[in-house]
Amino acid sequence: MKADRHPTYYDDAKVSCACGKTFSTGSTVKEIKVELCSNCHPFYTGKANLVDTAGRLERFRARMSRGTKLAQERKERLAKKQAKAAAEAKLKVAAPKLSDDSDDAK
Ligand SMILES: [Zn+2]
């Protein structure tokens, strides 16, 4: 090899995965950080596990819970409205007529 032409090659570059596994390999970079490795990738594990990268899963769950919360509130409002309407309808039936013609026969 020509001198000063090639990058330094590390025979024991340390690779650390987000799942906690570390192993060494050959590389021109001394330390490598990865999000997936053969220890945790669904292709190798056979399990459909969700890999959370940069809080995307967390944000998705927050969005989903917000949606269900809004739906719940809407449901409650509708129930309240219906109860109020039912109470008003009941009141209308129970209330006596204001313009009663029977008073004229006195
Ligand atoms: Zn891993």
- Given 10 °C and 1.306 mPa s, how large is the Stokes-Einstein diffusion coefficient of the stretch 53-92 in µm²/s, with Rh as the Kirkwood radius over Cα pairs? 129
- Using label points projected 7 Å from each Cα along Cα→Cβ, tell me how many nm separate residue 72 and residue 59, to one decimal. 2.4
- Under 5 Å between amide H atoms, partner at least 5 residues away or on a different chain: which partners does residue 10 have, H built in plane at 1.01 Å? 27, 28, 29
- Message: List the residues, sorted by chain then number, that are 5 or more residues from residue 15 or on another chain and whose placed amide H is less than 5 Å from its amide H.
- Response: 23, 24, 25, 32
- Cα-based Rg (one decimal) and Dmax (whole number) for the stretch 8-51, in Å? 12.0, 39
- Task: Determine ³J(HN,Hα), in whole Hz, for all residues of the stretch 63-78 in sequence, where each value follows from phi through the Karplus function 6.51 cos²θ - 1.76 cosθ + 1.60 and θ = phi - 60°; x replaces Gly and Pro.
- Result: 5, 4, 5, 4, x, 5, 5, 5, 4, 4, 5, 4, 4, 5, 4, 5
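Read-outs throughout are calculated quantities, based only on the coordinates presented, and are distinct from any laboratory measurement. A quick note: this is a predicted structure, and the numbers were derived from the prediction, not measured. Backbone-built Cβ (ideal geometry, glycine too); neighbour counts: all protein chains shown.
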